[in-house]
Amino acid sequence: MSLVRDGMPWHPDLRRDLVPGASARFWGQVHRAAITAMALLTFAALLSVVPALGSPTYIAVVLPAWAVSAVLVGTRFGGPLTMIEAHRLRAEATAGYTTKVGIERADEALVELDVVDPRSGRVLRLAGERMPRAFFNDRAAFMRDRLRRVRAAAETGAA
């Protein structure tokens, strides 16, 4: 059924020691938020460029905000957020796990690494684990259930 680690199959109490600092998943979320902010600011800048070109508000707020978000997002391989996220992904992979694959992308990717909940440090999916039929029927629901179970186990263990 599932991969056995140290004689035990997956269960909500399995933990990994996490690399110190914010997870790759967190930096991915920050990066997506910066891209969204940049898109919204670009749209606002384009809508207001003609009537507000000489406006002090436009020059003092919209242009600097757009410039900051453009620098943060950068190009696919050049933005600081992209580089931080890639660095965290490499650090996590070196430690033998990832926080990047979760509910939103619960697929067969990265099966060579444990998938870990960055909040609790508990394993959501073991590396190489054979997934049950329920996983293939509804991957997102299956991973949401596992996330709920590991976080409930973490709360019970912390209490």
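The values are calculated or read from the model by the stated rules, or taken from the named source; none is laboratory data. On a predicted model such as this, the values are computed, not experimentally measured, just so you know. With ideal geometry, Cβ positions are generated from the backbone for all residues, glycine too; neighbour counts draw on all protein chains shown.
Out of all the residues in the range 93-107, which are modelled with pLDDT of 70 or more and hydrophobic (A, V, I, L, M, F, W, C)?
Scanning the range 93-107 gives Ala93, Ala95.
Could you go through the range 77-92 and let me know if any residue there is among the aliphatic types (A, V, I, L, M), modelled with pLDDT under 85 and either at positive phi or assigned to a loop (DSSP other than H, G, I, E, B) (or both).
No: the range 77-92 contains no residue that is among the aliphatic types (A, V, I, L, M), modelled with pLDDT under 85 and either at positive phi or assigned to a loop (DSSP other than H, G, I, E, B) (or both).
Pairs under 7 Å by beta carbon, first residue part of a loop (DSSP other than H, G, I, E, B) in the range 111-132, partner surrounded by 17 or more Cβ atoms within 10 Å (Cβ to Cβ) and of a type in the set (Val, Ile, Thr), six or more apart or different chains?
Final answer for the pair search is Leu113/Thr98; Asp117/Val150; Pro118/Thr99; Ser120/Val150; Ala127/Val111; Gly128/Val111.
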